[in-house]
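A.B. asks: Encoded as structure tokens, here's the structure I'll be asking about.
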Amino acid sequence: MDVTFASSGALSRAHYSIVCKVETAQSVHQADQFLALEVKTIHERLSRSSLSVKECKECLVMLMYIFTTASPGFLPVGSSDFALAHALNLVEAGKSIEDKRIGYLFCAELMPPQHELRLMMVNTLRKDLESCSPGRMCLALDNIVTFANEDISVRHPHIRRRAVLALRSLAVFNPDLLSQSSATIVARLQDRNEAVVGSALIAAAQLPSSDPSFSNARHVVNGLFSSVAISKSSAISLRVLHCLQGMGLSEGHVPFAIDLLNSFSSSREPALLLGIFRLLSQQTPSKLMEAEKTQGASCVGSIQNLLSSHDINDQYLYLACLTCIDPVVWAGTSPDSPLVLEGWEVERIMQFLESPDDSIRKMTLNLLTRIDPAIVEAYLTRALDGVDIQF
């Protein structure tokens, strides 16, 4: 071996020495003997109480060289286990990214899949993922790729959740990433952990309709809508609704949406109410009226309690929900659809034209214009008649 120590790239004289012995060995068997003796020497070095981080790093690098150079089967299975705890300590105690990288690499290369220290390794990955250091986070993500196993992919939902969110964020700059991972997103939509499902819903909302997995994702999200996901106590209810606003509520789930509205009628769940009304706005008037007839319930009737409220927020919510539904369904503008509102309800809506809130007055004018522009014309005429115009 003609390479000098200075130009060899070896971490230490000991590292350089074992490489020279192997390179100049007279036979493969002799090289293996050199490597086996060096394992014993390293074992002794790692057993010292005065072991420094630098020495630990050198020993681990040498061991990785030894176990990748030795003839297959020559070194007994498990003969590197004595160094695993030191590798994990290096990952934990290492102050530089280089130190932690060597510890991670040693575990990824030499730790058996079912080793008892596997869980400790996963917990260390978790700490680095949750750190504020970009270097540690990137190092952890790199090692998840090579260290992937059941402990990471199944037992630690926080990693699955962050992976999906990372894909979604990176897709802003490279949209192809989302399409390439669409099958994974669909799988995460069916995850047993609610937090993972929530992150998958955020990503699924960005899937283009041209994606091959779009219809499958839409089917799964619609299934979530009709499951326990939509409830007052569920953290992902709003995300399901937001996702469906882009993907579309399937016609078969419209009756369920109407039932939900009536179940929320006595509660104050403004975001859920408005979200469901926005979903129903995607349906044609004929389909919506058919579903109402089947369920024996009215969408507009389910929010009657908001109309009688004196709270200005309830009034705004009522008008916002009512605006989502085509007037054909509830205003009696068609011979086939009778007026759903009672007399006092019509009168109450007209009173909103005198509301002290500008937004409510504007929403009321827009709503009445959709029903019949003549109503607004008559109102404006009366209003102008009462104005004293002086020239």
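The values are calculated or read from the model by the stated rules, or taken from the named source; none is laboratory data. These numbers come from a predicted model, not from an experiment. Every residue, glycine as well, gets a Cβ built from its backbone with ideal geometry; the counts of neighbours run over all protein chains shown. Accessible surface is based on the protein model in full, side chains and every heavy atom, while ligands, DNA and RNA are left aside. Shrake-Rupley method; radii C 1.70, N 1.55, O 1.52, S 1.80 Å.
A.B. asks: Compute the long axis of helix 254-263 from its Cα atoms, compare it with the longest principal axis of the Cα atoms of the chain, and write down the angle in degrees, 0 to 90, nearest 10.
C.D. replies: The angle comes out at about 80 degrees.
A.B. asks: Compute the length gained on full extension between residue 36 and residue 374: take 0.36 nm times their separation in residues and subtract their Cα-Cα distance, giving the result in nm to one decimal.
C.D. replies: Values: separation 338, 0.36 × 338 = 121.68 nm, distance 9.67 nm.
Between residue 36 and residue 374, full extension yields 112.0 nm more.
A.B. asks: Residue 215 to residue 28: FRET efficiency via 1/(1 + (r/R0)^6), r the Cβ-Cβ distance, R0 56 Å, to the nearest 0.05?
C.D. replies: For residue 215 and residue 28, the calculated efficiency is 0.45.
A.B. asks: Using Cα atoms only, what is the angle between the long axis of helix 237-247 and the major principal axis of the chain, expressed in degrees (0 to 90) to the nearest 10?
C.D. replies: Around 80 degrees separate the two axes.
A.B. asks: Mind checking the angle between helix 97-110 and the chain's longest principal axis? C-alpha axes, 0 to 90 degrees, to the nearest 10.
C.D. replies: That works out to roughly 80 degrees.
A.B. asks: Spelling out what I want: for every residue of region 114-125, take phi, set θ = phi - 60°, compute 6.51 cos²θ - 1.76 cosθ + 1.60 (Karplus), and round to whole Hz; glycine and proline get x.
C.D. replies: Working through the residues one at a time gives 10, 5, 5, 8, 4, 5, 4, 5, 5, 5, 5, 4 Hz.
A.B. asks: Another one. Quick one: ranking 362, 287, 127 by accessible area, 1.4 Å probe, largest first, what do you get?
C.D. replies: If we order 362, 287, 127 from most to least accessible, we get 362, 127, 287.
A.B. asks: With the other protein chains left in place, how much accessible area per residue, in square angstrom, belongs to the chain at a 1.4 angstrom probe?
C.D. replies: Here the residues of the chain average 53 Å² of exposed surface.
A.B. asks: Which of the three applies to region 154-226, rounded, prolate or oblate, going by the alpha-carbon gyration tensor with a ≥ b ≥ c and a/c under 1.5 meaning rounded?
C.D. replies: Working: a/c = 2.03, a/b = 1.10, b/c = 1.84.
Oblate, since a/c reaches 1.5 and b/c is not below a/b.
A.B. asks: Compare the peptides 322-331, 38-47 by average per-residue count of other Cβ atoms within 10 angstrom and give them in order, highest first.
C.D. replies: The densest-packed peptide leads the list: 322-331, 38-47.
A.B. asks: Here is a follow-up. Specify which labelled value, from (1) 27.3; (2) 26.8; (3) 21.5, agrees with Kirkwood radius over Cα pairs in Å derived from the coordinates of the model shown.
C.D. replies: Correct label, based on the coordinates given: (2).
A.B. asks: Continuing with the same structure: How long is the gain from residue 365 to residue 138 if the chain were fully straight, where each residue apart is worth 0.36 nm and the alpha carbon distance is subtracted? Please report the intermediate quantities before stating the final value.
C.D. replies: On the way: separation 227, 0.36 × 227 = 81.72 nm, distance 5.46 nm.
The residue 365-residue 138 span can extend by a further 76.3 nm.
A.B. asks: Tally up the carbon and sulfur contribution to the accessible surface of the chain as a whole percent, 1.4 Å probe, everything protein left in place.
C.D. replies: 54
A.B. asks: Shifting gears a bit: Given R₀ = 35 Å, FRET efficiency for residue 190-residue 119 by Cβ-Cβ distance, to 0.05?
C.D. replies: Result of the calculation: an efficiency of 0.85.
A.B. asks: Simple spin-label model, 7 Å along Cα-to-Cβ: residue 346 to residue 172 in nm?
C.D. replies: Each label point is offset 7 Å from its Cα along the Cβ direction, giving 5.0 nm.
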